[in-house]
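Visitor: Attaching a single structure in structure tokens format; questions to follow.
Nothing in this text is a laboratory measurement; each read-out follows from the coordinates by a stated rule. Just so it is clear, the structure is predicted and the values come from calculations on it, not from any experiment.
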Amino acid sequence: MGEFDRHHDAVEAFKVGVATGGATAFSTDLAKASLIQKLLPQVKISKLTTEGK
């Protein structure tokens, strides 16, 4: 929610959420911001369409 409140961009907020979840999965406690920032460039969001079925 914090990322969405800052930028009003649902896709960017989702990317940060995915990076945060991934970072937490590899941590013994909640993820540190440095690990989240390290993972963020690796998160790729693709738009799915039904065109060309």
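Visitor: Under 8 Å for C-alpha pairs, at least 6 residues apart: give me the relative contact order for segment 2-42, rounded to a whole percent.
Guide: Worked out over segment 2-42, it gives 33 percent.
Visitor: If you build the Cα gyration tensor of segment 2-42 and take the root of 5 times each eigenvalue, what three semi-axes come out, in whole angstrom, biggest first?
Guide: Whole-Å semi-axes of the equivalent ellipsoid: 19, 10, 8.
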